[in-house]
1. Look through ARG115, ARG149, ARG93 and report the one residue that is charged (D, E, K, R) and within 29 Å of LEU9 (Cα to Cα).
2. Restricting attention to the range 283-335, and to residues there that are open to solvent by 50 Å² or more (accessible area, probe 1.4 Å) and in a loop (DSSP other than H, G, I, E, B), which single residue is farthest from SER35 (Cα to Cα)?
3. How many residues, within the range 42-59, are open to solvent by less than 30 Å² (accessible area, probe 1.4 Å) and outside any helix (DSSP H, G or I)?
4. Restricting to the range 73-101, give me the number of residues that are touching a helix residue (DSSP H, G or I) at 6+ places or on another chain (Cβ under 6 Å) and not in a helix (DSSP H, G or I).
5. Do we find a residue being open to solvent by less than 10 Å² (accessible area, probe 1.4 Å) and assigned to a loop (DSSP other than H, G, I, E, B) anywhere in the range 256-272?
6. Is it the case that some residue within the range 295-306 is within 23 Å of the chain's Cα centre (by Cα) and small (Gly, Ala, Ser)?
7. Pairs needed: first member in the range 92-114, under 21 Å from LEU171 (Cβ atoms); second member anywhere, among the basic types (Lys, Arg) and open to solvent by 30 Å² or more (accessible area, probe 1.4 Å); C-beta distance under 8 Å; at least 6 residues apart or different chains.
8. Filter the range 60-72 for residues that are in a strand (DSSP E or B) and among the basic types (Lys, Arg) and give the result.
Amino acid sequence: MSSPTRPALALRCHGGLTSQQCVEQAVAAEHAGFSTVWFAENPFGRGAWPGAAACAVATRHVRIGLGVLNPHQRHPTLMAMEIAAFDELSEGRAVLGIGAGIPSRIKKTHASVDRPIAAVRDAVTITRALLRGETVTYTGKAFSADSVRLDFTPRRGNVPILTAAMGVQALRLCGEIADGVIISNLVPTAFTRRAVAIIHEAATRMNRHTPREIVQYVPGAVRDDGAEARRIAKHGVAAMLTAYAQTASAATRAAMSEHGRPEDFARAMSRLTRGEAPEDAIDDRLLAEYAIAGTPEECLAQAKVYAEAGVTELAIAPIGERPADDIARLGSAIK
């Protein structure tokens, strides 16, 4: 549930989790009143579908979002087949996120990744038309379909389709064709505020309604002891920052490093590279740019900052050994 000053809270599950762990967290999230369980899928991690399907069976009300799938590894016609079948399984709770993927990893499959905007545009266009029950003949710059129609009637023709977007062109595309946007982990709200403005401008230019969903992923640690939560979060964020600096797209790396507190970010990364402890390299103010951490009340106060930047749903990836407990703590605070 959300409030006028706080985004809805959601759960983000990632490829480091088994399906069993995803189910445990999803059940806790539903009990806590979270809005959605999002499944991130990155090349060569665990595929998202087993965990998503298991969570759809184990829950009754929470939405289940695939965020995101990339068309380089899953053709848009296959995306439509899978999400339509999954929407049946989840009884109308499916949400689809489409993005261009992580270029450095997709290139290892020898797939062409030189037209990411065209790839997402084609994927959204083909998938949406198939979900509406149409026979699709479409020639795109990246993906095409020749007289294709699903052999069954989808439960919903209007499954929400969001796009993952970080660069200006991708954000504009979201405003032109998508139902919402998914913004990456480790991105300060200063970037988010700019991204929302770009999306709104693009939608206005196309004379369409502004995409209603602004979903942002964020790591989080929630403890009764706020200092302990921040210590745990600093270790998790330090590992993620180091990994993202090597593997994330150029647009994501720029969003991560050039917004918020860029000088402090550069200083922290230098100290981490020299082997300093995360709790020494990352101060509390810098941590707040990349994670929510603290007591339940402190975390809810931090969530309001995202609402002020335009976020409608904050998808939290719990850091620590007992993520279901973090979820329950937040749930108790919002009820």
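The values are calculated or read from the model by the stated rules, or taken from the named source; none is laboratory data. This is a predicted model, so every value here is computed, not measured. In this analysis, Cβ positions are derived from the backbone assuming ideal geometry, glycine residues included, and neighbour counts consider all displayed protein chains. Side chains included, ligands, DNA and RNA excluded: accessible areas come from the protein's heavy atoms. Shrake-Rupley method; radii C 1.70, N 1.55, O 1.52, S 1.80 Å.
1. ARG93
2. So, considering only residues that are open to solvent by 50 Å² or more (accessible area, probe 1.4 Å) and in a loop (DSSP other than H, G, I, E, B), the one farthest from SER35 (Cα to Cα) is ASP283.
3. 2
4. Looking only at that region, the number is 5.
5. no
6. The answer is yes, given that some residue of the range 295-306 is within 23 Å of the chain's Cα centre (by Cα) and small (Gly, Ala, Ser).
7. If the second residue must be among the basic types (Lys, Arg) and open to solvent by 30 Å² or more (accessible area, probe 1.4 Å), the pairs left are VAL95/ARG63; VAL113/LYS107.
8. Within the range 60-72, just ARG63 meets the criteria.
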